[in-house]
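What follows is one structure encoded as structure tokens, with my remarks underneath.
The values are calculated or read from the model by the stated rules, or taken from the named source; none is laboratory data. None of the values given here were measured: they were computed from a predicted structure. Using ideal geometry, Cβ is built from the backbone for each residue, glycine included, and neighbour counts are taken over all protein chains shown. The accessibility values were calculated without ligands, DNA or RNA, using every heavy atom of the protein model including side chains. Shrake-Rupley method; radii C 1.70, N 1.55, O 1.52, S 1.80 Å.
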Amino acid sequence: MLYINGEWKKSNSGETIDIFNPATGELISSVASGGKTETEEAIYAAEGAFKKWRKVPGPKRGKYLKKVASIMKSKVNEIAETITMEMGKPLADAKGEVLGAIAYVEWYGEEASRVYGDILPASHPDKQLTVHRQPVGVTAAITPWNFPASMITRKIAPAIAAGCTVVLKPAPSTPLSAIKVFECFHEAELPAGVVNLVIGPAEEIGDVMTESPVVRKLTFTGSTAVGKLLLKKSAATVKKVSMELGGHAPFLVFEDADIDTAVTGVLLTKFKNAGQTCISTNRIYVHESIAESFGQKLSEKVSELRVGNGMEKGTDVGPLITPEAVNKVESHVKDAVANEGKILCGGNRTGEKGNFFEPTVINFANEKMKISKEETFGPVAPIFTFTDEEEVINLANHDSYGLAAYCFTNDLGRSNRLIQDLEYGIVGVNDPAPIVPQAPFGGVKESGMGKEGGRSGILEYLEEKFVSVASLKREE
Ligand code: NAP
């Protein structure tokens, strides 16, 4: 169903999209598929609602968000099961995602009360200078399938906390999770038009969003290629934009690091979500003196990971989202082998049905391999070796991506140099799980612009108005 102006509705054409379970290939549901006219209706509803919502006091907007969070808490299992069914991640991880999604709603439920302005020192005794922060306006949001609940709340929670209204287009492979999240908005009795959901063909909906002069902000999470396209299209109406795009995270392990901790870090950053995360480790650089034992320990642990249907207890790694995603992963593995890589474990498709690929470790990775530059978006861990710090920093800094980097070392001086020199928006030092709602998340270079999370996250939905008041002078 679509959600427009506070109501659930079918598409005007009656068209639907089929949703498949990536673990079984089975059809699980069909949902309404809207296009141009439904997107226009949603923008119109959001425009109408904005006039009132922007004037609702911040603390009251925050109360709505806290109510949404509490409703979501009562439905953690239900939302998580939906995520696993349509996207494939193991149920425990899906629950983790829902709790993460709620954490953003709670954080911005608080932050709604803390949108401050500034008073500036005047250059003239008779003037008063102030900066006001006001909501940008109607916001269009486009999200991917890999975190089908939390990608939504990371955008909508700060937007509505700031006083904006939203039209969301989720990925068509995972609309059921979006519908579940919107059921919580509906139950929290958000005023009609504050949040709207349009599911359907990407380009048709995206074009209405980008061409509309009413939409003043576009927030997008997805691939760099689509991000660039949307940036171009948004230029025509000079929208404010936030772009959370692709990544190619390096994972550096120095000779002084705790190897076991680093191995655990790779398991988390590479194999969670079957490697389908923008901050997934893509390249592991290990100091040559410890490379052999690191490779051995990692492949032992990776061989123990259980691949299967995310609904089954004990599954560590679920399916990939589509058969095409499996083809891409397989092509990266084949290319690595053709370029002198050695498979330490995995390396093949698996399962009689569903989009499964074995968790894989490849040794002797090198710069000739596709995997060294392109996002694999799958459970494949290539190990490169290095000899010194300067060399590995140069290797780690990617030509175009700059989202997340991880480094493992117990040398304080070295960690300070890495923090300075790694060209990434997020750096985890001995920390494979740095993401929290109070911190700014986002990339540099072609990994994007703008932030989600923390104080920076709400500023993305606010614009500054500078006011200069003259004639404070009193008559003598
Ligand atoms: P994608 O192909 O770029 O799609 C993302 C969203 O954009 C989907 O809803 C998609 O709908 C839509 N879209 C595609 N073409 C469009 C167009 N012309 N106009 C409007 N919308 C359009 O990315 P994906 O494959 O779903 O997701 C994986 C990518 O997202 C990876 O590169 C990953 O690194 C990145 N990602 C980044 C972050 C971050 O925070 N930086 C987080 C998660 C994922 P359709 O599916 O219908 O095309």
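One line per residue, one yes/no per condition, for (1) buried (at least 20 other Cβ atoms within 10 Å of the Cβ); (2) polar (S, T, N, Q); (3) not assigned by TED's automatic domain parsing to the domain that holds T224; (4) not in a helix (DSSP H, G or I):
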{"site": "I79", "(1), (2), (3), (4)": "yes, no, no, no"}
{"site": "G100", "(1), (2), (3), (4)": "no, no, no, no"}
{"site": "E106", "(1), (2), (3), (4)": "yes, no, no, no"}
{"site": "P148", "(1), (2), (3), (4)": "yes, no, no, yes"}
{"site": "R154", "(1), (2), (3), (4)": "yes, no, no, no"}
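Of all the listed residues (E391, E374, E423, E358), the sole one being open to solvent by 30 Å² or more (accessible area, probe 1.4 Å), of a type in the set (D, E, K, R) and without any contact (Cβ under 8 Å) to a residue 12 or more places away in the chain is E391. Within the range 203-226, the set of residues being within 17 Å of the chain's Cα centre (by Cα) and more than 7 Å from the ligand (Cβ to nearest atom) comprises L218, T219.
Condition check ((1) open to solvent by 10 Å² or more (accessible area, probe 1.4 Å); (2) within 13 Å of the ligand (Cβ to nearest atom)) across all residues:
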position	(1), (2)
P201	yes, yes
S242	no, yes
D256	yes, no
V266	no, no
A274	no, yes
T281	no, yes
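Exactly one of these conditions fails for I142: (1) over 17 Å from Y461 (Cβ atoms); (2) open to solvent by 10 Å² or more (accessible area, probe 1.4 Å); (3) near the ligand (Cβ under 8 Å from one of its atoms). Give me its number. Every condition holds for I142 apart from (1). Of the strands (runs of 3 or more DSSP E) lying entirely inside the range 346-424, none contains at least 2 residues that are more than 19 Å from L267 (Cα to Cα) and not aromatic (F, W, Y). Within the range 439-470, the set of residues being open to solvent by 10 Å² or more (accessible area, probe 1.4 Å), in a loop (DSSP other than H, G, I, E, B) and more than 12 Å from the ligand (Cβ to nearest atom) comprises A439, E460, A470. Being more than 10 Å from the ligand (Cβ to nearest atom) and at negative phi is true of A262.
Of all residues assigned to the range 31-53, none qualifies as being out of contact with any strand residue (DSSP E or B) (no Cβ under 8 Å at 6 or more places or on another chain), open to solvent by 10 Å² or more (accessible area, probe 1.4 Å) and in a strand (DSSP E or B).
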